[in-house]
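One structure is given here, and the rest of the page talks about it.
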Amino acid sequence: MPVIERMVESVESVIGIADVKRSRVRAIGIGSPGPLDPVNGVIIDTPNLPGWTNVPLAKLIEEKTGIPTFVENDVNAGTYGEFALGAGRGKRDVIGIFVGTGIGGGLICDGKLRSGFRHNAGELGHVVLMVDGPYCGCGKKGCLEALASRTAIVRDIRAGIAAGRKSIVPELMKERGRITSSVLSKAVEAGDALAVEVMAQAQYYLGVYVGSAVNFYDPEAVVLGGGVIEAMGEAFLEPIRKVARQYFISQQDADKVEIVAAKLGDYAGVLGAAMLGQERARAA
Ligand SMILES: [Zn+2]
């Protein structure tokens, strides 16, 4: 499998660049899209890599490198990275929500990644907010992902344009040929009515969701990451925060519940996977 060969090559090259003794490398941590089995390090299925069904990834990498290897869901790894080294540092209970093509998430419960009974905890994008809402990639209707992911935002902007709404989005997207997070950010900044309206709707759903999640979980921090949030920052977060707080059932110390942007960008998953690998190697 060429992907595995390339992964092994990357490991070897990173050890070289870091200039550490091989014997000092305690573990390899891998963040992968799921579904997967983190206990046995098996990728059960992954839509982006055809033919990857029941691949014992940890074992294969371990055999080739001689280094103990651990696999975790990529968004769980990202949440762990933000908890250990990023926006959730120093907290014990953290919810991570990553808004991209889909919406993924992770839960840190009392300083530990919550894996779940079947290792499926943290599928935050598939909590249903609108039972008769638009179809989600998972086949159900009205999941958060179907209402507030970039895919949902792009769908609604395209529908607006198709219905004859004026918008600068078609002009902005000429360069890359698609509606990227940066295109969305520029359109909102320029006050494009359609983009502002669609974004506000996504922010509203995210706000309702974060408020409900806080009622469910009472975390110290909710960390929001992913392309759209990275591109827009506070301008995207503030309306979410405002709506979320309106939905808190307990207003006591409401302002102490942090609703903040992720800090580590693309490194969250890599660092989180490495830290989880190290931790699991120690526990093994
Ligand atoms: Zn769904």
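The values are calculated or read from the model by the stated rules, or taken from the named source; none is laboratory data. None of the values given here were measured: they were computed from a predicted structure. Every residue, glycine among them, receives a Cβ derived from its backbone with ideal geometry; neighbour counts consider all protein chains shown. Heads up: the accessible areas ignore ligands, DNA and RNA and are worked out on the full protein's heavy atoms, side chains in. Shrake-Rupley method; radii C 1.70, N 1.55, O 1.52, S 1.80 Å.
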Considering only segment 116-161, state which residues are within 15 Å of the chain's Cα centre (by Cα) and part of a loop (DSSP other than H, G, I, E, B).
-> N120, A121, G122, E123, V127, S149
Counting residues that are in contact with a Gly (Cβ under 6 Å, 6 or more places away or on another chain), which strands (runs of 3 or more DSSP E) fully inside segment 1-106 reach at least 1?
-> 28-32, 69-73, 94-99
If you check E197 against the conditions, is it more than 19 Å from the chain's Cα centre (by Cα), among the acidic types (D, E) and either crowded, with 17+ Cβ neighbours inside 10 Å or under 17 Å from R150 (Cβ atoms) (or both)?
-> yes
Based on what the data block shows, is L85 hydrophobic (A, V, I, L, M, F, W, C), away from the ligand (no atom under 14 Å from the Cβ) and either touching a Ser or Thr at 6+ places or on another chain (Cβ under 6 Å) or in contact (Cβ under 8 Å) with a residue 60 or more places away in the chain (or both)?
-> yes
Helices (runs of 4 or more DSSP H) wholly inside segment 162-274 that include at least 3 residues being under 21 Å from I95 (Cβ atoms) and out of contact with any strand residue (DSSP E or B) (no Cβ under 8 Å at 6 or more places or on another chain) = 193-217, 234-247
Any residue at all in segment 91-99 that is open to solvent by 80 Å² or more (accessible area, probe 1.4 Å) and of a type in the set (K, R)?
-> yes
Of the residues that sit in segment 221-238 and are touching a helix residue (DSSP H, G or I) at 6+ places or on another chain (Cβ under 8 Å) and open to solvent by 50 Å² or more (accessible area, probe 1.4 Å), which one is nearest to V75 (Cα to Cα)?
-> E230
Qualifying positions in segment 34-55 - open to solvent by less than 50 Å² (accessible area, probe 1.4 Å) and either touching a helix residue (DSSP H, G or I) at 6+ places or on another chain (Cβ under 7 Å) or not acidic (D, E) (or both) | G34, L36, P38, G41, V42, I43, T46, W52, V55
Checklist (1) surrounded by fewer than 21 Cβ atoms within 10 Å (Cβ to Cβ); (2) within 16 Å of the ligand (Cβ to nearest atom); (3) under 27 Å from T46 (Cα atoms) applied to F117, failing item | (2)
Does at least one position in segment 134-150 carry a residue that is more than 27 Å from G31 (Cα to Cα), open to solvent by 40 Å² or more (accessible area, probe 1.4 Å) and touching a Phe, Trp or Tyr at 6+ places or on another chain (Cβ under 7 Å)?
-> yes
Residues located in segment 122-172, provided they are more than 10 Å from the ligand (Cβ to nearest atom) and more than 24 Å from V196 (Cβ to Cβ) | G122, L124, V131, D132
Kindly establish whether D266 is open to solvent by 50 Å² or more (accessible area, probe 1.4 Å), without any contact (Cβ under 8 Å) to a residue 60 or more places away in the chain, under 24 Å from A87 (Cβ atoms) and not polar (S, T, N, Q).
-> yes
Given the conditions (1) buried (at least 19 other Cβ atoms within 10 Å of the Cβ); (2) within 30 Å of V71 (Cβ to Cβ), which single one is not true for G211?
-> (2)
